[in-house]
Each structure stands twice: as structure tokens, then as C-alpha cells.
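> Before I ask anything, let me first share the structure, which is written out below as C-alpha cells.
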Amino acid sequence: HLNEQKIVRKAITDAERKMNKDVKNTAMFKFGYSLVDGHLEKVGNYNMEPPGAFRGRGEHPKMGKLKQRVDPEQVMLNLS
């Protein structure tokens, strides 16, 4: 599976790569900054992990459990 993904990633043309980079930059400028007390601050991490199996690190007690999808109502930003 990983070799197939590597082949697919290398087969992307330069135009597709540039388009992917533009989409990523647009999302970064839309979600990656916030206005705090009149100053523009960079947000540390604005991406959410997709639902799936929790991998964890080391001997984590929740390893192998399924993660649920996060709804927008469940998200709280701490920008202090």
C-alpha cells in the first residue's frame, strides 16, 4: 500500500502540485490566523484528525479504540 501511495505521489504533475499548494495556502490564510485584541496572531494547529483507529504512542490505554468524528459545535479555540 505504501509503495502504491509513493508511486501516485510521484506521478503528480507540476501543475497539480502547484494547485495543491495554492489550496493549502488558501486554507492556511483562512484558518491559520486569528485577530486577538486588534493584532493578527498565528494559530498553532488548526487541523483536526479524521475519525479512525487511535494509534497512540507507547503503552497508551486507548490504543486501538475508534475515534469519533468531531463536530464544529465541539471545537473550542483557546487563543490566549
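> What's the extension gain from Lys10 to Thr26 if we count 0.36 nm per residue and subtract their Cα-Cα distance?
Values: separation 16, 0.36 × 16 = 5.76 nm, distance 2.32 nm.
Answer, rounded to one decimal: 3.4 nm.
> Projecting each Cα onto the charge dipole of segment 1-47 (Lys/Arg +1, Asp/Glu -1 at the beta carbon, about the Cα centre), which of Asn25, His1, Val43 comes out farthest on the positive side?
His1
> Return the carbon/sulfur percentage of the accessible area of the chain, one whole number, probe 1.4 Å, all protein chains in place.
56 percent
> If you count only protein heavy atoms with a 1.4 Å probe, what accessible area per residue comes out for the chain, rounded to a whole Å²?
On a per-residue basis, the chain sits at 101 Å².
> Per DSSP H run of n ≥ 4, the term is -39500 (n - 2.57); total these for the chain, divide by its residue number, and report the mean residue ellipticity at 222 nm rounded to 500 deg cm²/dmol.
Using -39500 (n - 2.57) per qualifying helix, the result is -11000 deg cm²/dmol.
> For Cα Rg over 2.2 N^0.38 Å, pick the label among (i) 1.47; (ii) 1.13; (iii) 1.52 that corresponds to the value derived from the coordinates.
(iii)
> Another one. Leaving out same-chain residues fewer than 8 places away, which lysines sit with a Cα under 26 Å from that of Lys18?
Lys6, Lys10, Lys30, Lys42
> Could you order the peptides 43-49, 1-7 from most to least packed, using the average number of other C-beta atoms within 10 Å per residue?
43-49, 1-7
> Please tell me the relative contact order of the chain in percent, rounded to the nearest whole number, where contacts are Cα pairs under 8 Å and at least six residues apart.
16 percent
The values are calculated or read from the model by the stated rules, or taken from the named source; none is laboratory data. Just so we're clear, the structure is a prediction, and the values are computed from it rather than from any experiment. Please note: Cβ atoms are built from the backbone with ideal geometry, for glycine as well, and neighbour counts cover all protein chains shown. To get the accessible areas, we keep the full protein, side chains included, count just its heavy atoms, and leave off ligands, DNA and RNA. Shrake-Rupley method; radii C 1.70, N 1.55, O 1.52, S 1.80 Å.
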